[in-house]
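The values are calculated or read from the model by the stated rules, or taken from the named source; none is laboratory data. A quick note: this is a predicted structure, and the numbers were derived from the prediction, not measured. Positions of Cβ are backbone-derived with ideal geometry, glycine not excepted, and every protein chain shown enters the neighbour counts.
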Amino acid sequence: MVETCGQHQKRVLVVMTPLFPIIPIPGMIFPFEVVTGKSPVAEQALETLYADVAYIAFSRCDPVAGQIIAGMKLDAHPSGNKFLSTKRRLKIANVIESLSEDYIIVEATESDYLPCTTKPITQVQRILLKTTQNLCGELNQLTQIFSDEIFKPCEFFDVFIDSVAVQIILYLVKQTRSNELFHVTEQEIYLSELDANKRARMLHCIIEVVIEKLKLQGAERGVNSAVAAGKNPYTEWRDKITELNLPEEVDKKVIAEVNRLRYLQPGHHEYEVVMKYLELVESAPWNKATQDNLDIDQAQEILENDHAYLEKQKQRILEYLSVKKLRPDYGVQILCFIGPPGTGKTSLGQSIARALGRKFVRRSLGGMHDETEIKGHRRTYIGALPGQIIQGLIDAGVNNPVFMLDEIDKVGNVTGVSGNPMSALLEVLDPKQNYSFRDNCLDLPFDLSKVLFIATGNNAELIHPALLDRMEIIPTEAYTTLEKLHIAQKYLLPTQIAAVGLKPEQITVSPDAIENIARFYTQETGVRQMEREIATLCRQVAVKVARGDNGPHEIAVKNLHEFLGVRKHLERGLEANLPPGVAIGLAVSSLGEGHILYIEAKECPSKFVGPETKGMLCTGSLQDVMSESALVARTLVAAYLLHLPDIEDKVIHLHIPSGAVPKDGPSAGVAIAVALASLLKNEPVKEKIAFTGEITLRGAILPVGGIKQKVIGAKLAGIKEIVMPAENEKDFAEVHPDFKAGLKVHFVKNIKEVFDIAFNNKKTRKKR
């Protein structure tokens, strides 16, 4: 580079190239790529001749005199890359030569500014400098765009200006540059203040939205509200657990869980597990209980108002309350009501709760096959919940409710990978264990000894013996027709009239109509279906009243079909003149209802059956026990009738109608033997007589169960005589007198007595 110096100016020849859009400031360094192959002269000048190159901030190389350019030094890095560093400000004086479209040699001067000048600034510039520094300080508080070094004491006005405002570099006149800097700084402060206020308002709105969203998510996910509100969850839960006044053993374990909150962040998955667990502990009624009302007279009044008949059941409830009153520390008895559907088992539990003044909880156990439904899942499982017992207490909010376990005879009793729910119930109902019942999810001992458990079921024979041993069985019998009539008039009809919004004077139902409903529309042991039919009557009348016909509407036998349609059950009665080979047995359904069975026997040609039938072909969905009873009866009858020719070679087909219904049990043995004897003797059985009892190969008659239900079913079916084992006489004594009226009952000990009665050979001991 060639330099010429005057008194106030210094002229230089430089190679100039455009670097748009970069605008460098003093001290700036950036990489630069030398364009080769276009101008060897320029390349030589850049590499060897010239020590400086010029920079111009324009889109194309079109320099004119007076333009401002930046003098820059080209340095080489050991890696071979080129770097430009800004050194000075220059002004173009003349264009000397255009070497190529990328490089031009110009003559430039530097007069007003030298990098190392010691020329002092004026007083006006000093004041302007100080004011501008203050403004830049305010701007930096809002934007934080300057480093701290900018605000150190500075006597060099141009250095400061170049540092804080790049666009002002283009001005050479000091006063113009300073004025421009002052106005630019003021404008930046104003815009920054507006931006800061806007950002503050926006940040405030964002914070409010985030807080509300956290609260909403916390409520949905079960997160404690203290977290969303910014409170310390550890302190909150420590105070809550202290207020619960938990037992010492429980308190230690819960406090250990609370202490975990001190080291867990709200976003951690374990934090959610601990919070849900603590909420479960808080919701459990550890010390909340209701005060028992042991007024015996009031309890009796409640039972009488809620239930007609069921005298034995109500008496047993009063006995329990009396003992509870005289000796509060007496162990809790677990009552189990067993009987057909619709006989008031569940409502008895509700009446007990009302009489005691306790909360009532009901959980149905029908079809339960998993132990975790009783004892809950361990909280290590995702979505773990407590079992039905703890959940029921949480719903009740007290630790001493009346807890009804409905359909306990239908609990699965199969042990598998999911456990045995029947075994889990043993811990719940055993007074020696349930004082420290441990739910898997809660994982703390909980006292169930204050809970009054009441169970219901239809068939006690289906309940596990160990579980049955822990309960007191209280049977509920079927209602008689007179009882159904009374219940319908006193309870069912008024309840349904009020339920549909009718007035008592707008509808009347005659007693004969109610009796017809029981005989031809329901035929049940309870009153549940009768309640539905009465509800249908009331709804039909409600339609007429809603159309403007206020009645009164009288419902009698003659117009009953207009409301309920055709009869659902025809009163066919017993079949008369039964042929040889047919006998009537007695059975109990899975719902606990007694009914009759027609047992049919027919001789079958041996060519139609295989040798595996063993002389007996059984159809009608007979299960193992009943099929074995048929084989015993076949052998017994063959031995009893040996005087008949070829009796041992005969093949007999035994069938019991309603083939879609599985049938099992030993109580049909006597009836099967009578049917086989009738077939082989070719003599019909006496009319309107039914049989029940188990037989042996020796001809003995053994006792069976379900006598009450069988007698009621026989009575409703029109049976006049019943043959049953002598050992069941005590069971027959418990049958309601209305069902025993008109029945002739024979109590027998051996098969010979049975045959004598069935075929009118002679009279045996009987009881009316």
Next on the checklist: Tell me the residue from 508, 536 that is assigned to a strand (DSSP E or B), over 30 Å from residue 630 (Cβ atoms) and in contact (Cβ under 8 Å) with a residue 12 or more places away in the chain, please.
Outcome noted: 508
Checklist entry - On the given criteria, is residue 550 out of contact with any Phe, Trp or Tyr (no Cβ under 7 Å at 6 or more places or on another chain) and part of a loop (DSSP other than H, G, I, E, B)? => result yes
Checklist entry - Does at least one position in segment 575-583 carry a residue that is β-branched (Val, Ile, Thr) and farther than 30 Å from residue 651 by Cβ? => result no
Checklist entry - Can you pull out the residues in segment 547-559 that are surrounded by 11 or more Cβ atoms within 10 Å (Cβ to Cβ) and farther than 20 Å from residue 521 by Cβ? => result 549, 550, 551, 552
Checklist entry - Considering segment 349-374 alone, what residues qualify as being assigned to a helix (DSSP H, G or I) and more than 15 Å from residue 387 (Cα to Cα)? => result 349, 350, 351, 352, 353, 354, 355, 356
Checklist outcome for this item: Among the residues of segment 630-670, the number that are assigned to a helix (DSSP H, G or I), within 60 Å of the chain's Cα centre (by Cα) and farther than 16 Å from residue 756 by Cβ is 7
Item to check | Odd one out for residue 697 among (1) farther than 22 Å from residue 743 by Cα; (2) touching a helix residue (DSSP H, G or I) at 6+ places or on another chain (Cβ under 8 Å); (3) of a type outside the set (Ser, Thr, Tyr); (4) buried (at least 18 other Cβ atoms within 10 Å of the Cβ) | outcome: (4)
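Every residue, every condition in (1) closer than 21 Å to residue 706 by Cα; (2) modelled with pLDDT of 85 or more, yes or no:
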residue	(1), (2)
420	no, no
427	no, yes
431	no, no
440	no, yes
451	no, yes
466	yes, yes
475	yes, yes
Checklist entry - Taking segment 724-740, which residues are among the aromatic types (Phe, Trp, Tyr) and closer than 20 Å to residue 695 by Cβ? => result 732
Next on the checklist: Test of understanding: among 394, 374, 390, 352, which residue is modelled with pLDDT of 85 or more and touching a Gly at 6+ places or on another chain (Cβ under 6 Å)?
Outcome noted: 374
Checklist outcome for this item: Among 293, 287, 305, the single one that is more than 32 Å from the chain's Cα centre (by Cα), within 27 Å of residue 435 (Cα to Cα) and among the polar types (S, T, N, Q) is 293
Next on the checklist: Quick check on segment 307-325. Is at least one of its residues closer than 16 Å to residue 399 by Cα and either in contact with a Cys (Cβ under 7 Å, 6 or more places away or on another chain) or in a loop (DSSP other than H, G, I, E, B) (or both)?
Outcome noted: no
Next on the checklist: Among the residues of segment 735-743, are any touching a strand residue (DSSP E or B) at 6+ places or on another chain (Cβ under 9 Å), assigned by TED's automatic domain parsing to the domain that holds residue 619, surrounded by fewer than 21 Cβ atoms within 10 Å (Cβ to Cβ) and among the hydrophobic types (A, V, I, L, M, F, W, C)?
Outcome noted: yes
Checklist entry - Among the residues of segment 734-751, is any closer than 22 Å to residue 633 by Cα and among the polar types (S, T, N, Q)? => result yes
Checklist entry - in contact (Cβ under 8 Å) with a residue 60 or more places away in the chain and acidic (Asp, Glu) - does that describe any residue in segment 417-434? => result no
Item to check | Pairs where the first residue, in segment 315-327, is free of Cβ contacts under 8 Å to residues at least 24 places away in the same chain and closer than 14 Å to residue 356 by Cβ and the second is part of a helix (DSSP H, G or I) and of a type in the set (A, V, I, L, M, F, W, C), C-beta under 6 Å, 6+ apart | outcome: none
Checklist outcome for this item: Selection over segment 466-515 where residues are within 34 Å of the chain's Cα centre (by Cα) and of a type outside the set (Val, Ile, Thr) yields a count of 9
Checklist entry - Across segment 328-340, which residue is surrounded by the fewest Cβ atoms within 10 Å (Cβ to Cβ) among those that are modelled with pLDDT under 85 and out of contact with any Asp or Glu (no Cβ under 7 Å at 6 or more places or on another chain)? => result 329
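Looking at 249, 243, can you tell me which residue is exposed (fewer than 15 other Cβ atoms within 10 Å of the Cβ), in contact with a strand residue (DSSP E or B) (Cβ under 8 Å, 6 or more places away or on another chain) and not small (Gly, Ala, Ser)?
249
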Item to check | Flag if residue 665 is farther than 20 Å from residue 760 by Cα, assigned by TED's automatic domain parsing to the domain that holds residue 597, in contact with a strand residue (DSSP E or B) (Cβ under 7 Å, 6 or more places away or on another chain) and not hydrophobic (A, V, I, L, M, F, W, C) | outcome: no
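Could you list, in sequence order, all residues of segment 441-461 that are under 18 Å from residue 385 (Cα atoms) and in contact with an Asp or Glu (Cβ under 9 Å, 6 or more places away or on another chain)? Lay out the reasoning, then the answer.
To start, the set of residues in segment 441-461 that are under 18 Å from residue 385 (Cα atoms) comprises 441-446.
Correct list: 444, 445, 446.
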